[in-house]
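Just so it is clear, none of the values below were taken in a lab; they were calculated from the coordinates. All values reported here derive from a predicted model rather than from experimental measurement. As a convention, Cβ positions derive from the backbone with ideal geometry for all residues, glycine included, and neighbour counts pool all protein chains shown.
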Amino acid sequence: MIAASGPGTAVVEIPSGSRVPQVASEAQLRTVLAGLSGVDAVGVAARAAKLATRSLKRETKRRALDLAIAMVDLTTLEGADTPGHVAALCAKARRPDAEDPTCPPVAALCVYPDLVATARAHLAGSAVRVASVATAFPAGRASLPVKLADVAEARAAGADEIDMVIDRGAFLSGRLGQVFEEIVAVKEACGPAALKVILETGELGTYDNVRRASWLAMLAGADFIKTSTGKVAVSATPPVALVMLEAVRDFAESTGQVVGVKLAGGIRSAKEALRYLVLASETAGSTWLEPGTLRFGASSLLTDLLLQRRSQRTGAYARREHVSVE
Amino acid sequence: MSERLDVRKTYKLVIGGAFVRSESGRAYAVAGADGTFLANAARASRKDVRDAVRAAQGAQPAWVAHSALLRGQVLYRLAEMAEARAAELGDHVAQAEGLDEAAARASVARGVDRLVWYAGWADKVGQVLGGANDVAGPYFNFSVPVPVGVVGVIAPADSSFEGLIDALVAPLVTGNAVVVLASQRRPVPAVLLGEMSATADLPAGLVNVLTGHLDELGPVLAAHEAVDGLDLTGASDPAALAALAADSLTRVLHAGPPATPEGGLRRLRAFVDTTTVWHTVGA
């Protein structure tokens, strides 16, 4: 079924019917992943840097800021999280700029599983979805039953989306089948909930690994592939985002299946977010530019987006203290 | 022995303790008082104003956390730096303002003396602007001057060093951070002072110096919501800028007070808030 192609954009060719191939064995998975062309690291870095210089003019920037706000997964993943803190974030998620009702709500609120019920209660009646990290976040070092129990708890509490981490140790030591089966099992446990698979690209080492991990996650049924947990030193970077966006584009071309990308970790300024939008538009295409297929996982990013949005509206640079901190 | 080539200096902006070209990449020519070309200076953009204000916001808490005595000592060190480079400053003041060498040197010396005078105020201004208030009850009640935060300064158009000292240093004494728009025609001494501030133990970002067109930068600085005080000494249209500043409750110092002790105290008073503290009388 799956034939490896030479270097180019469509790396896997599905003869007809365009559907996600069934991976029956680890050997078959290895064949698919080995067929992916290598990433030209220098070329990727240059392409990402080139696109970062794109200038957005006034009206485009306004719309891009609103779009970016609507793509934010407002995240709090701290040991010190309390129900009160989550309630405050829910209010911010519903109406990010308290002074401006035209400001769109964010896409989702992302919390630990034990706070999903709190978030669910405070977001009732709004379009904001509740996402929860699960599967022994952030290290992913637990046995499969423990991970599945984690997912089940989040689901039972009402999570609409599950952010799982892959076992990087298994991936890097070549136990690809284990990683694949874990994703498949978690996807099944998710039921109708969307599954975002965190690759933790900062720990994968090479762009080739990022590309392979992206394909592995997509073949296993991920609804989103996500860069990072935000808990390691290197998180989302433009070149990594470019590699992942190419992966979802190629996957859609060869299987017809559209998988989203969530960029998370270290994205703090509106300028960076807009650059990622340009990157997504130029790489995956403008159809990806909506909250169903592109997300930003962030906490402080939203504040900067709101400040820039206010500046665009009033013409004066805004004061950080005028936007709710969290 | 070949003839030496000129080593020409590029005058850059001072933002966040770094010497940077304008984000816009623009520059403009600065002429001396006699109309001859002196140097190219960076022509800052509104984004440079934004960056400078952000740097000032970041630096101010560290500055105000210093003891008043230490702030005074650091400002005295700035005076030491200026004194050491007095000859260089004198040359630039002479070229910019069309003074003869002796008059320029004297102007720089007065500026340095003024800086020392302000440095001395750092640990005394609290006693003069604050005090203990008499209240009916078993309490102490103190009024304490606290800095407003970030002060935007439109530097005097004519007095490129001596006049700048008053406008720049007075807000620093009381614990504020400063974003200076240097004199458009005579920006070089302000840039030099910004360079000195980087080696005088001032926190990076406490003093930011922008050069460029004032009609472009002034309104952006005045309207910036995070600018808490505005010194309009060198503004050509202070009323319009004050109106912009009013939208975000910015304190405004209109005409530059004279360089006298009374004038200096007016400047020190311009950019402080008074906070009142109650404390029970101990048993």
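With viscosity set to 1.306 mPa s and temperature to 10 °C, compute the Stokes-Einstein D of the protein assembly as shown, Rh being the Kirkwood radius across alpha carbon pairs; µm²/s, no decimals. It would help to have the intermediate numbers written out before the result.
Numbers: Rh = 27.5 Å.
The estimated diffusion coefficient comes to 58 µm²/s.
Work the Kirkwood hydrodynamic radius out for segment A:40-322: mean of 1/r over every pair of different alpha-carbon atoms, inverted, in Å. Present the calculation step by step, with values, prior to reporting the outcome.
Working: mean 1/r = 0.0530 Å⁻¹.
Evaluated on segment A:40-322, it is 18.9 Å.
May I have the extent of the alpha carbons of segment A:206-326 along their three principal axes, as whole Å values ordered from largest to smallest?
Here the spans come out as 47, 30, 21 Å, largest first.
Please sort A:72-82, A:255-265, A:210-220 by packing, taking for each peptide the average over its residues of neighbouring beta carbons within 10 angstrom, highest first.
Working: A:72-82: 17.7, A:255-265: 21.8, A:210-220: 24.7.
Taking the mean over residues of other Cβ atoms within 10 Å, the ranking is A:210-220, A:255-265, A:72-82.
If you take every DSSP beta bridge fully contained in chain B, what fraction is antiparallel? Give it as a percent rounded to 5. Numbers along the way, then the final one.
Details: 21 of 37 bridges.
If we restrict to bridges inside chain B, about 55 percent are antiparallel.
Count the DSSP beta bridges whose two residues both fall in chain A, then state the antiparallel fraction as a percent rounded to the nearest 5.
Values: 2 of 31 bridges.
Bridges in chain A that DSSP calls antiparallel: roughly 5 percent.
Once label points are set 7 Å from the Cα along Cα→Cβ at both A:A156 and B:K47, what is their separation, rounded to one decimal in nm?
5.2
What is the sum of charges around B:V146, taking Lys and Arg as +1, Asp and Glu as -1, for the other residues whose C-beta is under 13 Å from the C-beta of B:V146?
Details: positive: B:R251, B:R269; negative: B:D228, B:D273.
Net charge in that neighbourhood comes out at 0.
How far apart, in nm, are two points set 7 Å out from the Cα along the Cα-to-Cβ line at B:A84 and at A:S25?
7.6
When the helices in the protein assembly as shown are scored as -39500 (n - 2.57) per DSSP H run of 4 or longer and the sum is shared across all residues, what 222 nm value do you end up with, to the nearest 500 deg cm²/dmol? Don't skip to the end; give the middle numbers.
Values: 22 runs with 272 residues, N = 609.
That calculation yields -14000 deg cm²/dmol at 222 nm.
Please work out the C-alpha center-to-center distance from segment A:31-83 to segment A:160-175 and express it in whole Å.
Going from one Cα centre to the other spans 21 Å.
Filter the cross-link list A:K61/A:K231; A:K147/A:K231; A:K231/B:K12; A:K92/A:K187 down to pairs whose alpha-carbon distance in this structure exceeds 28 Å. Display every interim value, and only then the final one.
Numbers: A:K61/A:K231 30 Å; A:K147/A:K231 19 Å; A:K231/B:K12 38 Å; A:K92/A:K187 30 Å.
In this structure, A:K61/A:K231; A:K231/B:K12; A:K92/A:K187 lie more than 28 Å apart at Cα.
Across peptide B:225-237, what mean number of C-beta atoms from other chains lies inside 10 Å of a residue's C-beta?
Numbers: counts 11, 8, 3, 1, 0, 0, 0, 0, 0, 0, 0, 0, 0.
Mean number of neighbouring Cβ atoms from other chains: 2.
Counting Lys +1, Arg +1, Asp -1, Glu -1, what net charge surrounds B:L193 among other residues with beta carbon under 14 Å of its beta carbon? Before the final figure, lay out the partial values.
Working: positive: B:K12, B:R77, B:R85, B:R114, B:R186; negative: B:E80, B:E83, B:E88, B:E162, B:D166, B:E195.
Net charge in that neighbourhood comes out at -1.
Pull out the extension gain between A:E290 and A:R141, defined as 0.36 nm times the separation in residues minus the alpha carbon to alpha carbon distance; nm, one decimal. Could the numbers behind the result be given before it?
Working: separation 149, 0.36 × 149 = 53.64 nm, distance 3.27 nm.
So the chain would gain 50.4 nm between A:E290 and A:R141.
Show me the trypsin sites (Lys or Arg not before Pro) within segment B:98-181 that DSSP assigns to loop and that have at most 14 other Cβ atoms within 10 Å of their Cβ. Present the calculation step by step, with values, prior to reporting the outcome.
Numbers: sites: B:R105, B:R110, B:R114, B:K124; in loops: B:K124.
Of the trypsin sites (Lys or Arg not before Pro), the ones in loops of segment B:98-181 whose Cβ has at most 14 other Cβ atoms within 10 Å are B:K124.
Using a simple spin-label model with points 7 Å from Cα along the Cα→Cβ vector, what separation in nm is obtained for B:A106 and A:V42?
Calculated label separation equals 6.5 nm.
What number in nm² do you get for segment A:92-224 if you take the convex hull of its Cα atoms and divide its surface by four? Mind dumping the intermediate values first?
Values: hull surface 34.9 nm².
Over all viewing directions, segment A:92-224 projects a mean Cα-hull area of 8.7 nm².
Based on the Cβ-Cβ distance from B:D6 to B:D201, what FRET efficiency comes out when R0 is 35 Å, to the nearest 0.05? Working shown, then result.
Values: r = 33 Å, r/R0 = 0.94.
Approximately 0.60, to the nearest 0.05.
Relative to the compact-globule scaling 2.2 N^0.38 Å, provide the ratio for the alpha-carbon radius of gyration of segment B:13-280. Intermediate results must be reported in sequence, preceding the final value.
Values: Rg = 18.2 Å, N = 268, 2.2 N^0.38 = 18.4 Å.
In units of the 2.2 N^0.38 Å rule of thumb, it is 0.99.
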